[in-house]
Each structure stands twice: as C-alpha cells, then as structure tokens.
Amino acid sequence: MFNLANNLTLVRILAIPVLVLLLSFPYPLPCLLAALVFVAATLTDFFDGLLARRYNLESNMGKLLDPLADKLLVTSALIMLTALGWLWAWIVILIIARELLVTGIRSMAAERGLVISADALGKFKTVLQDVAIVPLVLHYPWAGIDPRPWGLGLMLIALFLTLVSGGNYVLKFFRSLSEQELD
C-alpha cells in the first residue's frame, strides 16, 4: 500500500544510487551535491514518520521500509566514505555490526511476540550519525573551513552512542525474555 509517507520512504531509497554515483567522483562539486542529496534524503525520514502519524498513514509496508531505508542510506554513505579513504573501516564495521545485531534481536523478539521499540538513545544515535556524515561527505574545505575534523569527531561520538544503544537493545531483549518466562 503506497501512500504519501511510504512514497517519501521510497524517495529515500532512490536517493541512494544518486548519492553513491556522486561520491564516485570525489571532487568538490559532486561532494557538495552528495551532501545535499544525503540531507534531503534524511529529511524524508522525519517527514514520512510525521505524515504517517498525523494522517493515520501507518502501514506494515512503512514499518518494514522505513528502518530499511534508513540503514541502507547510512551504510551506503559509510561504505563510500571508507572506499574513498575518508573514514576508517573499523568504525563502519562496528556500526554495521550493531545494526545487524539489533535487526536480529528485533526479529528474534518478534518471533516470541515481543516488541523492542526504538528508544531515545537509538534515535539520537541516528541523528548524530546523519549529522556526522554530512561534513565527511563534504570533505573539501569550504570558505576556509575544513569539515573533516568535525565530521570525524562527531562520528566518534556517534560510534560510542551506536555501541551503547546496541547494548541497550541487547539488555532490553534479555529483560523481555525473562519477563516472558515469568508470565
């Protein structure tokens, strides 16, 4: 069922090949355009959720596609940054490993009828990752300001939050299992 909210999610998914293509030409103008595409795509995440809640457009397709689109967008950007040598691979590996772990935990929980919803820490992690990616994608100095140290610093903080929020999901999962066994 495609509605306005789901269409915005699809726009985010369709932005991924454009982002990857632009980052395949690591020069100032394509990097600026890639940063703009990334920002526009991340804004669709805010608006699709807002529209879905406000106009009762929530759907199972949206519940599946929205987090998938988020993960695809962020991991695509991170992988391209690593391929360009602009971000350390170990950071990207840890972030992707956390995402796979949380996805697996949510799947196992769902099989048991449990819902482990996103918390404020996980949402803040996502925002900080998105914010950190922008200066890393910009890469080149603009108006005498080098965005790389800002992006790297923010990404290290985002990595810390990524790992902490991943640990939080693991704890929630085991607590939910314990509570389920007590019932």
- Task: Taking LEU152 as the residue in question, decide whether it is in contact (Cβ under 8 Å) with a residue 60 or more places away in the chain and of a type outside the set (Asp, Glu).
- Result: yes
- Could you please find all residues in segment 19-76 being touching a residue at least 60 places away in the same chain (Cβ under 8 Å) and either more than 27 Å from ALA89 (Cα to Cα) or touching a strand residue (DSSP E or B) at 6+ places or on another chain (Cβ under 9 Å) (or both)? PRO28, LEU32, MET61
- Task: Please give the helices (runs of 4 or more DSSP H) falling wholly within segment 28-136 in which 1 or more residues are among the polar types (S, T, N, Q) and buried (at least 17 other Cβ atoms within 10 Å of the Cβ).
- Result: 28-54, 60-83
- Which residues, taken from segment 113-143, are on the phi > 0 side of the Ramachandran plot and at pLDDT 90 or above? HIS139
- Message: Cβ contacts < 7 Å: first residue under 15 Å from LYS63 (Cα atoms) and of a type outside the set (Phe, Trp, Tyr), restricted to segment 104-126; second residue at pLDDT 90 or above and surrounded by 16 or more Cβ atoms within 10 Å (Cβ to Cβ), any location; separation 6+ or different chain. Result?
- Response: ILE116/ILE105; ILE116/TYR169; ILE116/LYS172; ILE116/PHE173
- Considering residues of segment 137-183 that are within 21 Å of ALA41 (Cβ to Cβ), touching a Pro at 6+ places or on another chain (Cβ under 8 Å) and in a helix (DSSP H, G or I) only, the residue least open to solvent (accessible area, probe 1.4 Å): GLY151
- Note on the structure: Among (1) touching a Lys or Arg at 6+ places or on another chain (Cβ under 9 Å); (2) modelled with pLDDT under 95, ALA158 falls short only on (2)
- Would you check which residues across segment 11-25 are closer than 23 Å to ASP146 by Cα and open to solvent by less than 40 Å² (accessible area, probe 1.4 Å) and list them? LEU19, LEU22, LEU23
- Message: Checking LEU4 against (1) under 30 Å from ALA143 (Cβ atoms); (2) open to solvent by 20 Å² or more (accessible area, probe 1.4 Å); (3) hydrophobic (A, V, I, L, M, F, W, C); (4) touching a residue at least 12 places away in the same chain (Cβ under 8 Å), only one condition comes out false. Which one?
- Response: (1)
- Item | Unmet requirement for ILE79, which otherwise passes all of (1) under 28 Å from ALA143 (Cβ atoms); (2) out of contact with any Lys or Arg (no Cβ under 6 Å at 6 or more places or on another chain) | (1)
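The values are calculated or read from the model by the stated rules, or taken from the named source; none is laboratory data. Everything numeric in this text was worked out from a predicted model, so none of it was measured. Glycine also receives a Cβ, built like all others from the backbone with ideal geometry; neighbour counts cover every protein chain displayed. Note: areas computed on protein heavy atoms with side chains; ligands, DNA, RNA excluded. Shrake-Rupley method; radii C 1.70, N 1.55, O 1.52, S 1.80 Å.
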